[in-house]
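The values are calculated or read from the model by the stated rules, or taken from the named source; none is laboratory data. Since this is a predicted model, take the numbers as computed values, not measurements. All Cβ positions, glycine included, derive from the backbone under ideal geometry; neighbour counts span all protein chains shown. Please note that ligands, DNA and RNA were not included when accessible areas were found on the heavy atoms of the full protein model with its side chains. Shrake-Rupley method; radii C 1.70, N 1.55, O 1.52, S 1.80 Å.
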Amino acid sequence: MSDALKHECGIAMIRLLKPLEYYKKKYGSAFYGVNKMYLMMEKQHNRGQDGAGFASIKLDVEPGQRYISRVRSHASQPIQDIFSQINERINAELSEHPEYADDVEAQKKNIPYIGELLLGHVRYGTFGKNSVENVHPFLRQNNWMHRNLIIAGNFNMTNTNQLFNNLIKLGMHPKEKADTITVMEKIGHFLDDAVRKLYKQAKSKGLNKKDASPYIVDNLNVAKVLRKSSRDWDGGYAMAGLLGHGDSFVLRDPAGIRPAYFYKDDEVVVVASERPAIQTVFNVPFDAVEELEPGHAIIVRKSGQVKISQILEPLERKSCSFERIYFSRGSDAEIYQERKELGRLLMPDVLKAIDHDTTNTVFSFIPNTAETSFYGMVEAAQDELNQQKNKAILDKAGELSKEDLLAIQERKIRTEKIAIKDVKLRTFITEDSSRDDLVAHVYDVTYGVVKPTDNLVIIDDSIVRGTTLKKSILKMLDRLNPKQIVVVSSAPQIRYPDCYGIDMARLEDFVAFQAALALHEDRGTSSVVEEIYNKCKAQHHLPDAEVTNYVKELYDPFSDQELSDKIAELLADGSSLNAEVKVLFQSVEKLHQACPKNLGDWYFTGDYPTAGGKRVVNQAYINFFEGNPERAY
């Protein structure tokens with residue numbers, strides 16, 4: 001993706017179902033869980049590089065022994081940093097106490113981080129300060145083992161203010177108005193309530209205080225706690241939690257916006273944001289990894305019992321299509337084919353843009369994630385070339401010389417690596433304020449392969465702000481002196497803000513929004529901009545479910561092609577380029593054709609999967625019109 005875009009976090013939860021001694025004997029180390037968690041987090045580092053955290057719980061420890069360990073980092077390489085800290089601590093203990101080396105019981109008792117229950121998290125700081133205090137997992141501590149709660153999630157709530165006020169109504173005094181805190185405290189409140197009720201039940205049955213503890217462990221209904229906690233949540237989430245006594249869960253939102261996958265056998269239960277991470281780390285086939293259904297939670301009891309429970313009534317499935325276009329690792333078998341299909345489906349529009357002249361066209365891609373859709377586009381180009389060859393042969397039937405046949409057969413699709421990303425420079429571009437100064441040097445180009453008579457077709461995952469295209473890529477490509485530059489986006493036009501975890505919050509940042517404003521100005525219909533504002537403002541007091549997305553009216557007068565042409569004009573930067581520039585976008589219909597399981601398209605269509613989304617887009621427009629730079633959620 002050419003635009004710098006922060007997005008979804010990643011979670012990993014591992015529950016070892018056997019005693020640690022089992023893993024020592026079979027795999028040679030009682031640190032089996034820690035090692036696997038390191039790999040799970042590394043295999044999902046694409047989901048977060050601003051911070052990483054790890055937590056573990058030891059089961060069945062004696063009173064007075066620590067059973068919860070946690071380490072977090074927001075260093076430049078946070079995963080390596082936290083596991084360096086873990087390894088240093090483990091090695092220090094083993095060095096100081098060599099007698100622990102083959103004594104698993106002593107290791108569990110005396111060395112932190114070793115445990116049967118582990119939780120990992122990688123984070124992109126899309127909102128809030130990027131400090132270690134914002135890094136998951138979060139810990140809610142209590143001297144009652146059952147009331148200790150560790151939370152980590154890939155989520156964003158649209159109604160944090162409402163959730164915060166609900167906590168106040170419950171008599172609480174939250175320390176922050178952040179969705180992570182409000183979610184954790186909400187779960188914590190109902191967890192405390194459930195534990196209190198079970199304690200009273202235990203006492204009524206004649207159990208003493210000590211015996212009440214195992215009674216609570218055996219009878220705690222985690223699904224019921226989650227149902228009460230999540231009934232008012234509005235957002236996209238995959239929420240993972242560990243309870244101090246050993247129960248654990250991962251809950252997915254009812255629209256399936258955020259992804260969650262799991263695998264279980266007689267040794268381990270593992271849950272993660274991405275399927276390939278589980279496949280690779282545990283060496284299991286595609287079909288062995290299951291998708292957690294929307295509105296459901298996978299709950300692992302301390303006993304090792306695993307249950308999938310419906311927590312919330314599933315909504316219409318609207319899984320995030322950006323997961324398939326860009327966010328998730330392309331090594332997933334389904335995602336790989338879907339990305340290729342996205343490229344293939346764009347080919348008819350590309351052929352029209354180049355007048356079917358495949359001979360004088362160079363095909364390339366913006367590194368690195370657009371490479372897979374590039375393969376699909378090139379395969380479709382090869383199909384077109386084969387048809388041209390067949391026609392050329394048939395047109396000369398009976399008159400075809402050997403030289404003519406060789407000339408036809410030698411025609412090939414020209415593919416080159418044109419754009420080169422300078423990784424060292426990329427690491428500095430993290431804040432909006434500094435991006436513009438450095439962005440021009442993020443990409444370089446390959447010289448000597450494009451001729452002045454060539455079309456240059458280059459595919460990208462998506463075009464969000466268009467900043468990098470305008471300030472760097474197009475100017476660098478123009479140095480190659482092509483006849484025409486055709487920029488192809490495997491995603492449709494991004495017109496609306498996201499409020500479920502992607503760093504796309506401000507309408508005025510989107511080049512499609514800027515194009516719509518420019519078209520209204522060109523046509524003398526700019527009054528509609530204030531009319532929409534007035535409509536948004538008039539419904540500001542309404543409940544979320546009654547809000548209408550009037551921002552759609554900004555785009556309604558224009559066809560997709562008209563917006564694409566205006567976007568090309570804006571990116572060409574006042575005709576400072578020598579080459580003609582065209583911009584092609586995927587259609588929403590073809591996106592759904594390529595990615596039939598992930599139909600969440602609110603950033604393209606404005607059709608939000610939750611009521612809170614309509615409030616967010618309403619507020620985003622109000623903020624734009626009033627010049628308020630704040631986010632809408």
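Quick notes on this structure:
- Selection within region 269-297: residues that are of a type in the set (A, V, I, L, M, F, W, C) and under 30 Å from M504 (Cα atoms). The member of this set that is surrounded by the fewest Cβ atoms within 10 Å (Cβ to Cβ) is L292.
- Residue within region 224-234 that is at pLDDT 95 or above and closer than 20 Å to M41 by Cα present: no
- From I418, I502, I413, residue being surrounded by 23 or more Cβ atoms within 10 Å (Cβ to Cβ) and either under 20 Å from E580 (Cα atoms) or at pLDDT 90 or above (or both): I418
- Scanning region 143-173 for residues that are within 28 Å of the chain's Cα centre (by Cα) and more than 24 Å from N221 (Cα to Cα), we see that the one that is surrounded by the fewest Cβ atoms within 10 Å (Cβ to Cβ) is N161.
- All positions within region 133-159 that are under 30 Å from L198 (Cα atoms) and outside any loop (DSSP other than H, G, I, E, B): F138, L139, R140, M145, H146, R147, L149, I150, I151, A152, G153
- Qualifying residue in region 176-189 (condition: at pLDDT below 95, among the aliphatic types (A, V, I, L, M), assigned to a helix (DSSP H, G or I) and touching a strand residue (DSSP E or B) at 6+ places or on another chain (Cβ under 6 Å)): yes
- Pair list, Cβ < 6 Å and 6+ apart or interchain, from region 593-605 residues that are buried (at least 24 other Cβ atoms within 10 Å of the Cβ) to residues that are part of a strand (DSSP E or B): G600/C320
- Single residue of A545, A518 found to be farther than 20 Å from S462 by Cα, part of a helix (DSSP H, G or I) and modelled with pLDDT under 95: A545
- Matching option when the condition is part of a helix (DSSP H, G or I), open to solvent by less than 50 Å² (accessible area, probe 1.4 Å) and within 30 Å of M504 (Cβ to Cβ), among A392, A380: A380
- When residues of region 600-623 are limited to those that are part of a loop (DSSP other than H, G, I, E, B) and within 20 Å of F155 (Cβ to Cβ), the one nearest to the chain's Cα centre (by Cα): D601
- Extreme residue, nearest to V588 (Cα to Cα), among residues of region 556-576 that are at pLDDT 95 or above and not in a helix (DSSP H, G or I): S559
- Residue check: R227 meets all listed conditions (1) surrounded by fewer than 17 Cβ atoms within 10 Å (Cβ to Cβ); (2) basic (K, R); (3) touching a residue at least 12 places away in the same chain (Cβ under 8 Å) but one, namely (1).
- Entry remark, region 518-555: residues being over 19 Å from R495 (Cβ atoms) and touching a Leu at 6+ places or on another chain (Cβ under 9 Å) number 0 in total.
- Pairs, first among the polar types (S, T, N, Q) in region 275-297, second modelled with pLDDT of 95 or more and open to solvent by less than 60 Å² (accessible area, probe 1.4 Å), C-beta under 7 Å, six or more apart: Q279/F286; Q279/V289
- Some residue of region 588-597 being out of contact with any Ser or Thr (no Cβ under 6 Å at 6 or more places or on another chain) and in a loop (DSSP other than H, G, I, E, B): yes
- In the set (1) open to solvent by less than 20 Å² (accessible area, probe 1.4 Å); (2) under 30 Å from G33 (Cα atoms); (3) modelled with pLDDT under 95; (4) part of a loop (DSSP other than H, G, I, E, B), E323 fails one condition alone, (4).
- Top-ranked residue of region 349-377 - restricted to ones that are out of contact with any helix residue (DSSP H, G or I) (no Cβ under 8 Å at 6 or more places or on another chain) and part of a helix (DSSP H, G or I), ranked as least open to solvent (accessible area, probe 1.4 Å): A353
- Residue selected from region 78-108 under the condition over 11 Å from A30 (Cβ atoms) and in contact (Cβ under 8 Å) with a residue 24 or more places away in the chain, by the criterion most open to solvent (accessible area, probe 1.4 Å): R89
- Residue match in region 85-100 (condition: in contact with a His (Cβ under 7 Å, 6 or more places away or on another chain), modelled with pLDDT of 95 or more and not small (G, A, S)): no
- Selection of region 533-551 for residues being in contact with a helix residue (DSSP H, G or I) (Cβ under 9 Å, 6 or more places away or on another chain) and either without any contact (Cβ under 8 Å) to a residue 60 or more places away in the chain or within 26 Å of C320 (Cβ to Cβ) (or both) yields K535, C536, L542, P543, D544, A545, E546, V547, T548, N549, Y550, V551.
- Subset tally (residues that are at pLDDT below 95 and open to solvent by 40 Å² or more (accessible area, probe 1.4 Å)) for region 33-52: 2
- Exclusive hit being under 20 Å from the mean Cα position of the chain (by Cα), buried (at least 17 other Cβ atoms within 10 Å of the Cβ) and among the charged types (D, E, K, R), set R123, R140: R123
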